[in-house]
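Asker: Please see the structure below; I have some questions.
Coordinate-derived values only; no laboratory data. These numbers were taken from a predicted model, which means no experiment stands behind them. As a convention, Cβ positions derive from the backbone with ideal geometry for all residues, glycine included, and neighbour counts pool all protein chains shown.
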Amino acid sequence: MGKNNKKKLQVPHESHLLLPAHPSCSGSEQIVDTHTHLVSTFSSYQSKYREGRYGSIFDFVKGIYTQSRHKVEAIVDVWCEAPVQKVWKELADSALTAEGRRDNWGGIEYWFVMGMSLHEAKLYTDDVEKDILDAMTHPRCVGWGEIGLDYHYDNSPREIQQDVLRRQLRHAVRLGKPLTIHTREAEGDTERILKEEVPKDYRIHIHCFTDSPEFAQRLLDHFPNLYIGITGVITYSTNLNTSAVIRHLSSTPPLRILLETDAPFMIPANLYSSLPALKGKLPLCHTAMIPWTAEFVAGVVGEGWDTEKVMKEANENAKKMYGV
Ligand SMILES: [Zn+2]
């Protein structure tokens with residue numbers, strides 16, 4: 001009694017995960033989520049809704065991502081755990097054919113990237129590397145990542161993080177795989193290692209960017225095919241850096257951003273202006289929330305921009321970056 005029941009009461013009914021239409025969207029531009037963790041999102045769903053209606057990742061995606069009012073066109077799923085979760089292949093294989101994508105994914109284009117997360121860097125072994133190399137040959141694999149440096153959490157010693165980053169960068173570049181990079185409070189080392197290991201014209205996605213605008217600018221200047229990943233974090237009052245990056249980008253078009261959720265965390269705060277009764281209560285973030293992040297970006301860029309224009313621009317960038 002007591003504790004569990006209370007917890008349950010705080011979570012709104014799962015039907016609220018199906019989102020209403022975004023107020024400023026006609027629906028002409030579909031959602032592309034360039035960075036999402038599907039297995040974690042689904043297990044977060046399962047832990048919040050123990051008797052939930054969706055029993056598998058496929059049902060969850062078909063239920064929520066295709067039934068929300070704003071259609072999802074494509075997702076880039078991220079695998080970055082050690083050891084590599086074998087289920088990656090089941091999901092990737094299920095999206096190999098048009099029929100598979102229709103039946104399993106409700107027509108959504110399922111893609112993935114794989115790499116060894118900085119948080120797990122100390123677990124990077126030859127076996128893990130072999131698994132990643134194997135996954136790179138899969139037709140639905142569009143990149144290597146997320147990899148990088150995180151000195152905020154420092155879950156692995158910094159030298160190990162750097163070694164593991166270099167090792168993966170060398171493989172990715174050798175194979176011509178686009179890069180998904182995570183960097184947090186490690187500006188100098190990330191910049192130096194990328195410039196040393198990665199050709200200038202390489203395709204790079206700096207995902208969930210929250211570091212300084214100057215750092216973003218140095219990377220954008222050096223790498224012409226580098227994009228800044230924007231998550232719901234941009235909507236948080238604790239983070240002013242990301243908006244500053246957007247303002248800077250908008251003064252020198254094109255707007256080199258990608259939209260992403262990094263789900264299951266970081267629900268865009270402005271979502272609740274559409275759902276005031278649920279304020280702060282939704283238990284997980286998911287791909288269909290992207291239009292709210294786009295709306296916030298449009299507000300930062302200002303005149304002449306709206307939610308769908310931001311999505312359109314970001315979707316074109318996603319095509320250039322990952323071919324999705
Ligand atoms: Zn991530």
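Asker: Measuring from label point to label point, each 7 Å out along Cα→Cβ, what is the residue 133 to residue 85 span in nm?
Answerer: Distance between the two pseudo-spin positions: 2.5 nm.
Asker: Taking amide H positions as placed in the peptide plane 1.01 Å from N, state which residues far from residue 258 in sequence (5 or more) or on other chains have amide H under 5 Å from it.
Answerer: 228, 229, 230
Asker: Now for a different question. Would you please name the GluC sites (Glu not before Pro) within the stretch 241-324 that are DSSP coil residues with at most 10 other C-beta atoms within 10 Å of their C-beta?
Answerer: For GluC sites (Glu not before Pro) across the stretch 241-324 that sit outside H, G, I, E and B with at most 10 neighbouring Cβ atoms in 10 Å, the list reads 303.
Asker: Hey, what number do you get for the chain at 222 nm if only DSSP H runs of n ≥ 4 count, each worth -39500 (n - 2.57), divided across all residues, to the nearest 500?
Answerer: Computed ellipticity for the chain at 222 nm equals -12000 deg cm²/dmol.
Asker: At 7 Å along the Cα-to-beta-carbon direction for both residue 320 and residue 155, put a label point, then send me their distance in nm to one decimal.
Answerer: In this crude spin-label approximation the distance works out to 3.2 nm.
Asker: As an exercise, use a Förster radius of 22 Å and the Cβ-Cβ distance of residue 239 and residue 273 to find the FRET efficiency, rounded to the nearest 0.05.
Answerer: FRET efficiency, residue 239 to residue 273: 0.75.
Asker: Quick one: plug the Kirkwood hydrodynamic radius of the chain (C-alpha pairs) into Stokes-Einstein at 25 °C, 0.890 mPa s, and report D in µm²/s.
Answerer: Answer, rounded: 123 µm²/s.
Asker: Still on this model: With every atom except the alpha carbons ignored, what do you get for Rg and Dmax of the stretch 1-108, in angstroms?
Answerer: 15.6, 48
Asker: Let me ask something else about it. Exposed loop sites here are trypsin sites (Lys or Arg not before Pro) in DSSP loop states with at most 11 other C-beta atoms within 10 Å. What is the longest stretch of the chain lacking them?
Answerer: Answer from the scan: 87-199.
Asker: Please work out how much length the chain gains when fully extended from residue 123 to residue 97, using 0.36 nm per residue of separation minus the C-alpha to C-alpha distance, in nm with one decimal.
Answerer: 6.0 nm
Asker: Given the pairs 48/309; 71/319; 62/320; 177/319; 200/320; 89/200, which span a C-alpha to C-alpha distance of over 24 angstrom in this model?
Answerer: 48/309; 62/320; 89/200
Asker: If amide H atoms are built 1.01 Å from N in the plane of the peptide, which residues on other chains or at least 5 residues away come under 5 Å of the amide H of residue 143?
Answerer: Under 5 Å from the amide H of residue 143 lie the amide H atoms of 114, each far enough along the sequence or on another chain.
Asker: Report the residues of the stretch 14-57 in range of a label on residue 67: point 7 Å along Cα→C-beta, backbone N strictly under 13 Å from it.
Answerer: Of the residues in the stretch 14-57, 14-20, 52-56 have backbone N under 13 Å from the label point off residue 67.
Asker: Calculate the translational D of the stretch 237-324 in whole µm² s⁻¹ from Stokes-Einstein, where the hydrodynamic radius comes from the Kirkwood formula applied to all Cα pairs, the temperature is 20 °C and the viscosity 1.002 mPa s.
Answerer: Estimated via Stokes-Einstein, D reaches 155 µm²/s.
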